[in-house]
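Below: the structure, in structure tokens.
The values are calculated or read from the model by the stated rules, or taken from the named source; none is laboratory data. Given the structure is predicted, the values throughout are model-derived calculations rather than measurements. Reconstructed Cβ throughout: ideal geometry from the backbone, glycine too, with neighbour counts over all protein chains shown. Protein only, heavy atoms only, side chains kept; ligands, DNA and RNA dropped before computing areas. Shrake-Rupley method; radii C 1.70, N 1.55, O 1.52, S 1.80 Å.
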Amino acid sequence: MSLEKAARDVRDNAYAPYSEFRVGAAIRGESGAVYTGCNVENVAYPEGTCAEAGAIAAMVAAGETRLTEVYVIADSPHPVTPCGGCRQKLAEFGTGDVVVTMATLDGMTEAMTLAELLPGAFGRHHLGEGHG
Ligand code: THU
């Protein structure tokens with residue numbers, strides 16, 4: 001299935017009663033399988049989770065820890081970029097050259113790599129010998 005369709009479809013299930021801003025994310029694992037997630041808000045606002053986080057959790061639950069492609073879609077006037085926290089979450093599982101396509105519902109897209117989205121990312125190499 002295309003990442004675009006997967007992200008569009010899962011967005012329909014977003015639980016966003018507080019922001020009313022529904023987001024869908026689809027990621028492709030190294031195996032080629034597609035994993036999806038939507039944002040899930042909570043009345044205790046900080047407990048809400050982003051669409052990207054849901055897709056990553058689905059991938060890891062399925063036994064994969066490397067991603068090769070990401071697609072995020074929302075009903076926004078401009079393609080929505082992943083939040084800072086999600087950039088770090090994505091970087092945990094993908095190399096800097098992974099392409100993240102950001103889209104609006106009416107078809108505007110923008111593509112950036114993980115390295116462009118998170119320059120100078122904190123990574124395992126910062127932990128030094130004997131860690132991570
Ligand atoms: N949100 C995502 O799910 N992904 C993004 O890339 C940007 C923001 C969600 C979080 C919150 O539920 C809503 O969008 C408004 O910020």
Scanning the stretch 7-19 for residues that are of a type outside the set (A, V, I, L, M) and either crowded, with 20+ Cβ neighbours inside 10 Å or within 11 Å of the ligand (Cβ to nearest atom) (or both) gives ARG11, TYR15, PRO17, TYR18, SER19
Out of the residues in the stretch 20-32 that are away from the ligand (no atom under 11 Å from the Cβ) and touching a helix residue (DSSP H, G or I) at 6+ places or on another chain (Cβ under 8 Å), which is farthest from ALA74 (Cα to Cα)?
GLY29
Which of the residues that make up the stretch 69-83 are within 11 Å of the chain's Cα centre (by Cα) and open to solvent by 40 Å² or more (accessible area, probe 1.4 Å)?
GLU69, THR81, CYS83
Expected single match for part of a loop (DSSP other than H, G, I, E, B) and within 15 Å of the ligand (Cβ to nearest atom) among PRO119, PRO46, PRO79 is PRO79
Hey, can you tell me all the residues within the stretch 64-76 that are farther than 14 Å from LEU114 by Cβ and assigned to a loop (DSSP other than H, G, I, E, B)?
GLU64, THR65, ASP75, SER76
Between a first residue in the stretch 4-26 that is farther than 12 Å from GLY54 by Cβ and of a type in the set (D, E, K, R) and a second residue that is in a helix (DSSP H, G or I) and within 12 Å of the ligand (Cβ to nearest atom), which pairs have beta carbons less than 9 Å apart while being 6 or more apart in sequence or on different chains?
ARG22/ARG11; ARG22/ALA51
Assess whether ALA74 counts as being touching a residue at least 60 places away in the same chain (Cβ under 8 Å) and more than 9 Å from the ligand (Cβ to nearest atom).
no
